[in-house]
Amino acid sequence: MYKEIFEGPKVNVIQMLDSRDQRVERQRQLLLSVAGGCLLSLHLNIPGPVKQSQTLQEVFDETTAFLQKQLQSLSRGDFVVDHEVTGSGGFLLLKGEPETVKRFLVSLEEEHPYGRLWDLDLLWLDDNQQLATIGRQDLGLPPRKCLLCQANAKVCGRSRRHSLEELQEAIGQIVQQK
């Protein structure tokens with residue numbers, strides 16, 4: 001049963017916004033700590049008010065171990081990981097051209113069983129020391145597909161086309177199939 005995956009503390013919008021602000025500052029500080037390169041920011045795409053549970057933390061930890069191994073030749077160290085009530089987050093400093101690294105990350109997302117659950121952002125500091133990022137569309141790649149209907153995931157998410165229960169069941173199936 002997938003329900004136990006989503007048994008954990010509920011968070012509210014204020015907590016999520018505060019967490020996002022803290023994440024942006026953390027990303028900036030990590031990038032300022034090295035000259036050049038980029039930063040992988042990893043989180044899980046988990047809809048609903050529960051962002052952390054024992055199972056979700058295990059999925060996250062397995063993901064960081066996998067990515068650490070796959071990115072070993074590009075890595076500038078180990079993942080910096082935080083397990084918070086608002087979800088787990090990980091950061092990995094990398095060397096390489098952002099476009100090349102992003103293409104590789106997209107291939108990993110598409111190949112790994114948990115890849116649909118990953119939120120992999122690749123960031124660097126631009127000439128003005130501001131955070132810059134690159135998305136799939138910037139590389140001419142198609143957008144991520146919805147877990148349920150294969151339409152553009154962002155469009156489905158914004159329109160709330162699918163119920164929370166449907167999305168959680170799809171996530172549960174992914175986790176249980178692995």
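What size of dipole, in debye to the nearest 20, comes out for the chain about its Cα centre when the only charges are +1 on Lys and Arg C-beta atoms and -1 on Asp and Glu C-beta atoms? Write out the running numbers ahead of the final one.
Details: 21 positive and 24 negative charges, 79 e Å.
Roughly 380 debye, rounded to the nearest 20.
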query: Considering the dipole of the stretch 62-178 built from charges on the beta carbon (Lys and Arg +1, Asp and Glu -1) around the Cα centre, which of W118, Q68, F79 is farthest to its positive end?
result: W118
task: Return the calculated 222 nm mean residue ellipticity for the chain, to the nearest 500 deg cm²/dmol, obtained by summing -39500 (n - 2.57) across DSSP H runs with n ≥ 4 and dividing by the residue count.
output: -13000 deg cm²/dmol
field: Per-peptide average of other Cβ atoms within 10 Å, ordering 65-75, 89-99 highest first
entry: 89-99, 65-75
Virtual paramagnetic centre 7 Å along Cα→Cβ of V80, amide N under 18 Å, in the stretch 2-41: 19-41
message: Which order do the peptides 161-174, 12-25 come out in when sorted by mean C-beta neighbours inside 10 angstrom, highest first?
response: 161-174, 12-25
- request: Per residue of the stretch 28-36, in order, report the coupling 6.51 cos²θ - 1.76 cosθ + 1.60 (Karplus, θ = phi - 60°) as ³J(HN,Hα) in whole Hz, putting x for Gly and Pro.
  value: 4, 5, 5, 5, 5, 7, 10, 9, x
statement: Helix 164-177 sits off the longest principal axis of the Cα atoms of the chain, rounded to the nearest 10 on a 0 to 90 degree scale, by 70 degrees
Inter-site label distance for S107 and E58 at 7 Å from Cα along Cβ, in nm: 3.1 nm
message: Considering all projection directions equally, how large on average is the shadow of the alpha-carbon convex hull of the stretch 3-141, in square nanometres?
response: 8.5 nm²
- request: Check the straight Cα-Cα distances from K145 and name the lysines below 27 Å, setting aside those fewer than 8 residues away within the same chain.
  value: K3, K10, K51, K69, K102, K154, K178
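Evaluate the relative contact order of the stretch 3-141 (contact order divided by residue number), counting alpha-carbon pairs under 8 angstrom at least 6 apart; express in whole percent. Don't skip to the end; give the middle numbers.
Working: 200 pairs, mean separation 42.5, N = 139.
With pairs under 8 Å counted, the relative contact order is 31 percent.
Tell me, T100, T64 in order of fewest to most beta-carbon neighbours within 10 Å?
Least to most surrounded, the residues fall as T100, T64.
Laboratory data are not the source of any read-out in this text; all were calculated from the coordinates shown. Please read all numbers here as calculations on a predicted model, not as lab measurements. Positions of Cβ are backbone-derived with ideal geometry, glycine not excepted, and every protein chain shown enters the neighbour counts.
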